[in-house]
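The values are calculated or read from the model by the stated rules, or taken from the named source; none is laboratory data. In this text, all values refer to a predicted model and were calculated from it rather than measured experimentally. Cβ sites come from the backbone with ideal geometry, for glycine too, and all protein chains shown count toward neighbours. Calculation scope for accessible area: heavy atoms of the full protein, side chains included, ligands and nucleic acids excluded. Shrake-Rupley method; radii C 1.70, N 1.55, O 1.52, S 1.80 Å.
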Amino acid sequence: MLRFAPSPTGDMHIGNLRVAILNHIISRQKKEDLIIRIEDTDKERNIEGKDKEILDILNLFAIDYKQVILQSNNLKYHQQIAMQLLIDKKAFNCFCSDEALEKDREELKAAGKPYRYSSFCENLSDETVMNCDAPSTVRIKKPTHDISFKDVVKGEFTYKPFDVDSFVILRTNKTPTYNFACAVDDMLMNISTVIRGEDHLSNTPKQIHIREQIGYTQEIEYIHLPVITNKETGKKMSKRDDASSVKWLVSEGYLPSAIANYLVLLGYNPPCEIFTLEEAIEWFDISKISKSSAKFDIEKLKFINREHIKILDNMRLSKILGYADEDLGALAKVFMEESNTINDLKFKINLIFGEKSSLDGFENELNLVNDCLSHAPFMDNFEELKKYVGEKTSLKGKNLFMPLRFALTGAEHGPNLSEIYPYIKNYLGEIIK
Ligand code: GLU
């Protein structure tokens, strides 16, 4: 069983979508189910509606999943297991106040040392604990041995007990911290492989330690994906980069199939550049992903988007553009040389069918052409139409071509009218208004 475990705390980041897509690919390759676990235990950071938005995005990208689980529904298990760890003396109640912890943090910082818990409450007697009314967290005791694991992409890691530390597993309000809820749920759900972003690498020894203390012996395979960076700044793509939001990319007219293609391509050397997720399932080998961070290149995404638009069936493209006629899909493809996105195409098609302004310098000629076109009989090809309008209006050269192009397309420049005309000839009544 694999899991994708998003937090409903903001717009879905492309890094998260990449994690979801690779989970989907690997679950299909391993023939194991994928479940979605919405990690909603941090109530303060949750944003209403984001869980639904995440599922809508997964559906849009055709990511198969077996089940959706809300992590908060497992709260009773988190609490029971924390209780058991307390009974077994593998965890302890910590009464240290935020102020006291902050003071320790400051002192260690001033001494140039990393923060670690002081162990102040680790050996309190049961009696002291029973008699103390102050709010308490539950901390798991730090390990007594090194914690090692092998990441499929990033290699071997070993963490000292000092690095794992005695960390909080239940907050004062008795809700689990991320590491605890995640480690327990991965165990309860019998997860075989965890694929997630490398920002979680340092959480892995903590989660392994938790499961070891519970007595769970089944190993989980870890795959941490390198971060996606902004090509210009070299920094991790953040909320400040519009393109980091999947919602934004889709709203800008990037096809889900193209975004998915691009995200699989990041840090990978595939046998071909343009592919579908179904095809990637055949050849993708996650152990061959580059260890180093991947640069996000919007120009490359534009190229891939164009290629995916070109291979769309004309009817499908027409529907994506808001119509339902194969001819309009074919018409859109005539504009592909000068377009990158569905929005660019919508803009061009809307110019053709929309209200047209007047054409500077050719106002009278445009009136003549429009008048002529609105009374013209049906013409099968553009040469015939051009000849007819030329004869009827006595316009020639630029005085004919400019208004004719504008009347038919709403633009002053663009692909050859002879390429456009076959797809709009049945719509002249709507175009010439
Ligand atoms: N909720 C965490 C996140 O969105 C999940 C990390 C994990 O997959 O364990 O980053």
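Roughly how compact is segment 224-321, stated as its Cα Rg over 2.2 N^0.38 Å to two decimals? Can you show the working numbers first?
Numbers: Rg = 14.1 Å, N = 98, 2.2 N^0.38 = 12.6 Å.
With N residues counted in segment 224-321, Rg over 2.2 N^0.38 Å equals 1.12.
Given the DSSP H assignment, sum -39500 (n - 2.57) over each helix run of at least 4 residues in the chain and divide by its residue total; what's the result at 222 nm in deg cm²/dmol, nearest 500? Kindly include the intermediate steps, with their values, before the conclusion.
On the way: 20 runs with 200 residues, N = 433.
It comes out at -13500 deg cm²/dmol, rounded to the nearest 500.
The residues packed around E219, meaning those with a beta-carbon under 11 Å from its beta-carbon, carry a net charge of 0 if Lys and Arg are +1 and Asp and Glu are -1.
For segment 230-274, which semi-axes, largest first and in whole Å, follow from the square roots of 5 times the eigenvalues of its Cα gyration tensor?
Numbers: eigenvalues 80, 52, 8 Å².
Over the Cα atoms of segment 230-274, the ellipsoid semi-axes are 20, 16, 6 Å.
Pairwise inverse Cα distances across segment 152-293, averaged and inverted, put the Kirkwood hydrodynamic radius at 17.8 Å. Every Cα-Cα pair in segment 33-192 was counted, and those over 27 Å apart are 39% of them. Annotation note: chymotrypsin sites (Phe, Trp or Tyr not before Pro) in segment 350-433 located in DSSP loop regions with a Cβ neighbour count of at most 12 within 10 Å are F378. Would you compute the Debye intensity of the chain from its alpha-carbon atoms alone, equal scatterers and no solvent, and pass along log10 I(q)/I(0) at q = 0.06 Å⁻¹ to two decimals? Log-scaled intensity ratios, in q order: -0.40. Karplus-based coupling profile of segment 155-166, in residue order and whole Hz: x, 7, 9, 10, 10, 6, x, 4, 6, 6, 6, 8, with θ = phi - 60° in 6.51 cos²θ - 1.76 cosθ + 1.60 and x standing for Gly or Pro.
Expressed in nm to one decimal, what extension gain is obtained for the pair E278 and D133 from 0.36 nm per residue of sequence separation less their Cα-Cα distance? Working shown, then result.
Working: separation 145, 0.36 × 145 = 52.20 nm, distance 5.80 nm.
Full extension from E278 to D133 adds 46.4 nm.
Taking amide H positions as modeled 1.01 Å from N, with prolines and chain starts lacking one, the residues under 5 Å from I169 and 5 or more places away or on another chain are V138, R139, I140.
Considering only protein heavy atoms and a 1.4 Å probe, what is the carbon-and-sulfur percentage of the accessible area of the chain?
On the way: 10760 of 21720 Å².
Carbon and sulfur together cover 50 percent of it.
Listed cross-link partners K142/K295; K302/K398; K43/K90; K89/K113 are compared with a 31 Å cut-off, the Cα-Cα value being larger for K142/K295; K302/K398.
Over all alpha-carbon pairs in segment 266-415, figure out the percentage whose distance exceeds 28 Å.
On the way: 4582 of 11175 pairs.
For segment 266-415, the share of Cα pairs beyond 28 Å comes to 41 percent.
Just to be sure I follow: if Rg is taken over the C-alpha atoms of segment 15-64 and Rh is the Kirkwood radius over the same atoms, what is Rg/Rh?
Details: Rg = 12.2 Å, Rh = 12.0 Å.
Rg/Rh: 1.02.
Name the longest site-free stretch of the chain, where the excluded sites are GluC sites (Glu not before Pro) in a DSSP loop with no more than 10 other beta-carbon atoms within 10 Å. Answer from the scan: 49-231. A 1.4 Å probe run over the protein chains yields, for segment 227-289, 50 Å² of accessible area per residue, whole-number rounding.
Note on segment 321-384: Rg/Rh from Cα positions, Kirkwood definition for Rh, rounded to two decimals, is 1.03.
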